[in-house]
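A.B. asks: Please see the structure below; I have some questions.
The values are calculated or read from the model by the stated rules, or taken from the named source; none is laboratory data. Fair warning: this is a prediction, and the values are worked out from it, not measured in the lab. Don't worry about glycine lacking a Cβ; one is built from the backbone with ideal geometry, like all the others, and counts go over all protein chains shown. Accessible surface areas use protein heavy atoms only, side chains included; no ligands, DNA or RNA. Shrake-Rupley method; radii C 1.70, N 1.55, O 1.52, S 1.80 Å.
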Amino acid sequence: MLPEGFKTINLDNHNNSEIQRSVLDRTEREYDRVLNFVANHEGAVSPPDIRTYKGFMEFLGRNLKGRLSKGKAPVLSTLDGMRRDLDAGLARWRDYHVPEHVSTTVREWMKKDLKRLLHIPDIQMSRDGFSRNDLRIVQKYLWCEDSYEYRGVYPERSRVELSVSMLLYCFTSARTGEVYESTARRSLAREYDGSEVEKNLSAAVMAACYKHFHLSIEWIGGEVMLVLNYDRDYLKGFWRKQQSDLPIHGFYEKYTEETPLLLNLLTFFLPLASADRAFRDYESVDEILDRVDLLGATLKEGDQKSVDIIHFKPDILSTPVFRPRDEQNIAASTGRSRGADAFGKMFAALGHRAGYPDNITVRACRRSALMEADKDHSETARMKFSGQSKRDTFGKSYAHRVVEVDGAASFLGIKSRRDHIENNRSMGARRNPQLYQSLPAKEEHKFQNREDIVRLDSEIQVLKERLVNLNNEDVRSFRQQRRHLETQRQRLYLDELARLRRDQPRRPELTPDSFERTLFHYTRKVMPERNLLAEILPHAAELRSPTGRMALRTLEDICSQMGSTCYLSSITPVDGKCLCGEAIENADNFAQLCVECDLWCNDAGKWTKHCEEHLSDSHKLLRCDPIMFRNAPVKAGLCPFCLGEEIMGPCRRMTQYLDRSDWYSHIQSHLSHEALSGMFHCRHPACHEDFQSLADLECHLRDIHYYNPLRGKKRALEPKLLQLFIPY
């Protein structure tokens, strides 16, 4: 008899059928895809026998292209994953479980016979990690040397977002699609029940949003400080996990040791959020820091450790922190997140500019974070930190082959070393500070004359000519064809560049001068905010110190700063009028501007002495090309031939060119057999290298002195401005 109040149920509403583990729709489609092989191949039997299984694996190996193998047959691990898909599909749809002896036979056959039959390369995904030293190198490069111009409404905001992302990935071991929106997560959201509007909304916000961050003021180690918590809600397989299984990561304002500002997540997150006007009760980061200072000065530590909560505005909680370029202004946000693929390309490109020949990936950050966590924490803590549910995942997929044990020290019973282990586990082991950013001149000439490149160039040119006379309906098709060919050409160029990078020798002796030759060395003079950040971010300071506050204010400014025209301080407009349009009056009517130093000289004798000072330190004049940045001249062009002609006098040797066409034409006038008198050596005072031919000399000028051909006709500068740079 049932207890009072309990109701009976109808067992006819249920059956005895087994419920298989739930999988996503896209996983089921993978099962269907592999099962089609068995259905569409003559002689294949179902359920598959060993012969059919072998045929299936050969079919995949011959028809699919691998990523690691650069378009050749997929590696064995990829093929084995598809074999498992077939096993799972058979079990799910045909209720057939492949016998263990069949699976074993096929696996062993793949390792030897299939590998030999299809010439499968014996390569694996790199297990090198993005170590703490790599993080320091890349962050320092990003803020102190990188001159790359990011696109978007607020170009420098992308730099701040990149720093936040790097630190977030390294400090949390998150996967790419947990912070940025991945294609897989978008399709996953659309598999949930609900209306089309709900599906699209879910797909748009499955990335790090403001609702996943919680900022508070707490007592930490006897001090009042800011604490930021991040909820990792989008783990792999999060849809089958309980809320308690999802990790929360905490970050704090002050480290226990002195650490550079650029390694603190809050250094970049607070200005980013403040620029979005995300805080409910505060208008700026300074107001938040003032509040922390006030509470620290008036409160005494007690049992209540959480002092105050800093709330985000309710209407922006579901807004992604990292948005597409055209939605960087939060008022224009439609709820979309920047794609994980876009971030991955941006991250890899930064690594190449910083000297890493291999792509820096989020997986490398995750791998390094887990290896560090494995040293000092329990297995349970590491699994919670990583979001993994299987104990053997770390050992199989993340542990590096360079062993943790210092064998010599262990055997001899002496104190062990760790630096060599850390060095060889990191991507920095192959870093080259002088890494090629483009093909050297000789190699580019070879590349341009390759048969496949000549053919592609001809086809692109034909399409360009045909586009001129087409109507609007046909233009789109031809433009798509042209873009396809240009993408193919660019891919071939990058493949050739990657090949040269692998064999590029290191020259450590050139490292001290590398900073002098970066483009940022010249452009920083017209970017006061970037110039200031390059000086203070590498140094250790607290966020609430004067230095820290200055950095935060500057970062907050550049997050909402549109890309615009810059000016040298010496030619900044005065009262809305261009300085070059005004008469300069002095005793002898002389005026000359040194673009390199951003300095006016109104005396001919002082100008001569100034030129002599530059010539006495000629190794800093190796780069000779004129540089314009955001329409501002940041470096004047110099002639490597004139620089070495002592008979000309200091002023003429230091003739400055702002118009690239004039500069290029002038250097060309030196490049003839008559002008060179048959002697093909570099005349630059810091060079004097000898060459066998004029072609070799031109290649040297391009690689060392940046004598690059014009890439298109540029707008000429105003004649009055050009007159300022003509030597007296």
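A.B. asks: State which residue is farthest from the chain's Cα centre (by Cα) when the search covers only region 291-342 and only residues that are open to solvent by 30 Å² or more (accessible area, probe 1.4 Å) and of a type in the set (Ser, Thr, Tyr).
C.D. replies: So the residue we want is THR298.
A.B. asks: With respect to the numbered conditions (1) under 23 Å from PHE251 (Cα atoms); (2) out of contact with any Gly (no Cβ under 9 Å at 6 or more places or on another chain); (3) part of a loop (DSSP other than H, G, I, E, B), which one is the sole condition not fulfilled by GLY335?
C.D. replies: All conditions pass for GLY335, except number (1).
A.B. asks: From the list HIS684, HIS673, pick out the single residue that is assigned by the TED database to the domain that holds ALA632, open to solvent by 50 Å² or more (accessible area, probe 1.4 Å) and out of contact with any strand residue (DSSP E or B) (no Cβ under 7 Å at 6 or more places or on another chain).
C.D. replies: HIS673
A.B. asks: Determine whether region 670-678 contains at least one residue that is outside any loop (DSSP other than H, G, I, E, B), at pLDDT 90 or above and among the acidic types (Asp, Glu).
C.D. replies: Looking for residues that are outside any loop (DSSP other than H, G, I, E, B), at pLDDT 90 or above and among the acidic types (Asp, Glu), one finds none in region 670-678, hence no.
A.B. asks: Okay, next question. Do we have any residue at all in region 632-653 that's within 30 Å of TYR154 (Cα to Cα) and out of contact with any Pro (no Cβ under 8 Å at 6 or more places or on another chain)?
C.D. replies: yes
A.B. asks: State the number of residues belonging to region 629-647 that are among the aliphatic types (A, V, I, L, M) and surrounded by fewer than 15 Cβ atoms within 10 Å (Cβ to Cβ).
C.D. replies: Selection size over region 629-647: 1.
A.B. asks: Of the residues ILE217, ILE288, only one is modelled with pLDDT of 90 or more and over 27 Å from GLU327 (Cβ atoms); which?
C.D. replies: Residue meeting the stated conditions: ILE217.
A.B. asks: Has region 475-497 got at least one residue that is in contact with a helix residue (DSSP H, G or I) (Cβ under 8 Å, 6 or more places away or on another chain), of a type in the set (Asp, Glu), open to solvent by 40 Å² or more (accessible area, probe 1.4 Å) and more than 25 Å from ARG67 (Cα to Cα)?
C.D. replies: Within region 475-497, not a single residue is in contact with a helix residue (DSSP H, G or I) (Cβ under 8 Å, 6 or more places away or on another chain), of a type in the set (Asp, Glu), open to solvent by 40 Å² or more (accessible area, probe 1.4 Å) and more than 25 Å from ARG67 (Cα to Cα).
A.B. asks: Here is a follow-up. For ASP85, are the conditions met, namely being at pLDDT below 85 and exposed (fewer than 13 other Cβ atoms within 10 Å of the Cβ)?
C.D. replies: No, not satisfied.
A.B. asks: Scan region 209-229 and tell me whether some residue there is under 19 Å from SER337 (Cβ atoms), outside any strand (DSSP E or B) and basic (Lys, Arg).
C.D. replies: yes
Here is a yes/no grid of residues against (1) open to solvent by 50 Å² or more (accessible area, probe 1.4 Å); (2) over 30 Å from PRO505 (Cβ atoms); (3) among the polar types (S, T, N, Q); (4) assigned by the TED database to the domain that holds ASN359:
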site	(1), (2), (3), (4)
LYS390	yes, yes, no, yes
THR393	no, yes, yes, yes
GLY407	no, yes, no, no
LEU412	yes, yes, no, no
ASN423	yes, no, yes, yes
GLN434	no, no, yes, no
GLU443	no, no, no, no
